[in-house]
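Engineer: Let me give you the structure first, and then I'll get to my questions.
The values are calculated or read from the model by the stated rules, or taken from the named source; none is laboratory data. What you see is a predicted model; the values in this text were computed from it and never measured. Methodologically, a virtual Cβ is constructed for each residue, glycine included, from the backbone with ideal geometry; neighbour enumeration extends over all protein chains shown. Surface areas here come from the heavy atoms of the whole protein model, side chains and all, with no ligands, DNA or RNA. Shrake-Rupley method; radii C 1.70, N 1.55, O 1.52, S 1.80 Å.
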Amino acid sequence: VPVKPFQYRITPMYSIGQGTLNGAGQSTLTKYFDDGIFQFIRLGVYGRHFSYDRDLTYTRLTTALNIQFRRPYPRSPYSHSLRVRNVSVWRELPTISEPPIIVDLSNSNYSILDVRYRLDNQHVLHPWQVFFDTQFATGFVKSYVDATFQWQIRKGSRLQWRNYLGWFWRNEYPSNGSYYNFGLSNTPDYLFELYFLGRSEDDGFLSRQFFVQDGGLKYDTRSTVNAFLASSTVQYPIWRFFQVYVEGAYTSNQFSTGPNENQFHYGAGFSLRFIPDFVELYFPVAYGNTEEGFRDGVNPFGDFRFVLDLRLDAIYRRLSQGLY
């Protein structure tokens, strides 16, 4: 249903723990078309201000142009869109830290131009989606392709196959702990667009939250990739929410001194996917890499991790499309 051309939303919040006023706001201007290749074009400005660690805040301002192309015919399952946005982040850094943090050049204040093309097939039995994304910033240029395919095995159960390919065209921060690297199993959310319960937690329950992005491995490797990353994961439904998965990844890191590092990573386990992609629990059973072999003493319940995505509008969109 078409919405009004101009919309805005203001969401003030108060942090009980920090005792500070935070929140988010946005305004959008949308132009709908009766015919032609465009369904609508939307120009938006989005801002947010939150704490990401104790007594440390960040401010994020985004200007974005979203283009939704018209479907070939009204009932077509295919849709595609283009998004061009500039994300500026102002991030407070601690004056003293224990242990010392790795601070890249200008990683407290930075702007990133992000161009994304998305192609969707919303077929009920075999949906899939593909993202083509490139980011431009001072110091690096990186691209990735993220493709997820699903097949309905039985009513309410789908086999899922996710593939990811990411590479740096240019990277002036070739350290292993660079803020802008690809994450093998963690989520380096330097754009501050995901909602973490404990964004800066290093241990404890909240540190186990992650999002299936970049490499998307389910066991916690605590490693990043600064040159090339390819990964693939297959999840097979056994019964209702219960699924098993196998995964693998190839990584290539480059360093200013010393030889390059190339490795294969692999793992397997089981998961409880209550709301796929939004509320999930993962229990690694076996994992390792070509350098160290399989890890000994794996405890699936001790090494568990969870996905909790609080974007309720995205969940509703999946429900309205009949994907759940």
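Engineer: Tally up the carbon and sulfur contribution to the accessible surface of the chain as a whole percent, 1.4 Å probe, everything protein left in place.
Structural biologist: Carbon and sulfur together cover 59 percent of it.
Engineer: Looking at region 1-57, which trypsin sites (Lys or Arg not before Pro) are DSSP coil and have at most 15 other C-beta atoms within 10 Å of their C-beta?
Structural biologist: Those satisfying the criteria are Arg54.
Engineer: Take the chain, connect every pair of alpha-carbon atoms lying under 10 Å apart with a spring to form a Gaussian network, then pick out the residue of Ser185, Ser15, Ser143 with the largest mean-square fluctuation.
Structural biologist: It is Ser15.
Engineer: Out of every Cα pair in the chain, what percent are spaced more than 31 Å from each other?
Structural biologist: 37 percent
Engineer: Here's something else I'd like to know. Measuring with a 1.4 Å probe in the full set of protein chains, what accessible area per residue, in whole Å², belongs to region 184-268?
Structural biologist: About 46 Å² of surface per residue is accessible.
Engineer: Here is a further query. Apply the Karplus parameterisation 6.51 cos²θ - 1.76 cosθ + 1.60, with θ equal to phi minus 60°, to every residue of region 295-311 and state each ³J(HN,Hα) to the nearest whole Hz, in sequence, with x for glycine and proline.
Structural biologist: Values, residue by residue: 6, 8, x, 6, 10, x, 7, x, 9, 5, 9, 9, 9, 9, 9, 8, 7 Hz.
Engineer: On a straight-distance basis, which lysines could pair with Lys4 in a cross-link, Cα separation under 30 angstrom, same-chain partners fewer than 8 positions away excluded?
Structural biologist: The qualifying lysines are Lys31.
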